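Chemist: Just dropping this structure here.
FYI, it's all coordinate maths here, none of it is from the lab. Quick caveat, the model's predicted, so the values are computed rather than measured. Cβ coordinates were reconstructed from backbone atoms using ideal geometry, including for glycine residues, and neighbour counts include every protein chain displayed.
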Ligand code: HEM
């Protein structure tokens, strides 16, 4: 219902001034609809997904960050000390530079990421070789962020909420971090990317 209403509102903006409408996630979908590539119902299903993908994920993550910061007084003190350095009129850019804040977010996403379930991928028709195994074309392969994020070989003391582990993350830690998924769906171009304050968002 909300998705359909939002689409109608956006359609009205497009109709009123097609060249000056603010680009949003819906812009390309509307373009596809004009080229008869998407039915209204498909648009609505996509919009539904965007609402869930964009709101539940951030709400769950923020909730866990608050809980974890409240539970761990040492983390709270360190975080408050960093936050108190912010200028009065701070901007998003200022927040990006706060290394401990980013470590806290990273650690909350590791243990309590909102998408811990399997992330399925389909093997291409010609099949693929993975870790010494041949996977026939069309097979669905899943990776599990929940398990990877608790792998002791990658994250020592895996059940401990310890943001400082992200201060100098190893390559395995960065590769094993799947809170936002990985691979082609995440447009991951640089597998050695940093997972700290200067991290690029991998989410569409
Ligand atoms: C804490 C914040 C978020 C987390 C942890 C998160 C996590 C994820 C994960 C795990 C996937 C699946 C990726 C994969 O299959 O490899 C995904 C996909 C997606 N996310 Fe997010 N997300 C977050 C925020 C958002 C926001 C704010 C939006 C939009 C406003 C969004 C839109 C999407 C969309 C559209 C997809 C599907 C991409 C595709 O299939 O190609 N996400 N997200």
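Chemist: Distance in nm between label sites at residue 73 and residue 1, each 7 Å beyond Cα in the beta-carbon direction?
Modeler: Placing both labels 7 Å beyond Cα along the Cβ direction yields 4.7 nm.
Chemist: Could you give the length gained by full extension between residue 53 and residue 80, i.e. 0.36 nm per residue of separation minus their alpha carbon distance, to one decimal place? Write down the numbers at each step before the final one.
Modeler: Details: separation 27, 0.36 × 27 = 9.72 nm, distance 2.95 nm.
Full extension of this stretch gives 6.8 nm more.
Chemist: If we count other beta carbons within 10 Å of each Cβ, what is the order of 94, 162, 17, fewest first? Don't skip to the answer; put the middle values down first.
Modeler: On the way: 94 12, 162 19, 17 8.
Ranking 94, 162, 17 by Cβ neighbours within 10 Å, fewest first, gives 17, 94, 162.
Chemist: I've got another one for you. Scattering from the C-alpha atoms of the stretch 115-184 alone, worked out with Debye: what is log10 I(q)/I(0) at q = 0.13, 0.17 1/Å?
Modeler: Log-scaled intensity ratios, in q order: -0.47, -0.72.
Chemist: Just the ratio, please: alpha-carbon radius of gyration of the stretch 86-128 over 2.2 N^0.38 Å, N its number of residues. Display every interim value, and only then the final one.
Modeler: Values: Rg = 18.1 Å, N = 43, 2.2 N^0.38 = 9.2 Å.
Relative to the rule-of-thumb radius for its length, the stretch 86-128 sits at 1.97.
Chemist: May I ask for the percentage of alpha-carbon pairs in the stretch 1-66 that lie more than 14 Å from each other?
Modeler: Numbers: 1336 of 2145 pairs.
Here the tail beyond 14 Å accounts for 62 percent of pairs.
Chemist: Next question. At q = 0.13 Å⁻¹, what log₁₀ I(q)/I(0) does the stretch 36-97 have when each alpha carbon counts as one equal point scatterer in the Debye sum?
Modeler: So the normalised log intensities are -0.60.
Chemist: Computed from the mean reciprocal separation of all distinct C-alpha pairs, what Kirkwood hydrodynamic radius does the stretch 42-155 have, in Å?
Modeler: On the way: mean 1/r = 0.0572 Å⁻¹.
That comes to 17.5 Å for the stretch 42-155.
Chemist: A further question follows. Taking a quarter of the surface of the Cα convex hull of the chain, what do you get in nm²? Don't skip to the answer; put the middle values down first.
Modeler: On the way: hull surface 62.0 nm².
One quarter of the hull surface, i.e. the mean projection, equals 15.5 nm².
Chemist: Using 0.36 nm per residue, how much length does the chain from residue 142 to residue 41 gain when fully extended, once their Cα-Cα distance is taken away? Can you show the working numbers first?
Modeler: Numbers: separation 101, 0.36 × 101 = 36.36 nm, distance 2.86 nm.
Additional length available on full extension: 33.5 nm.
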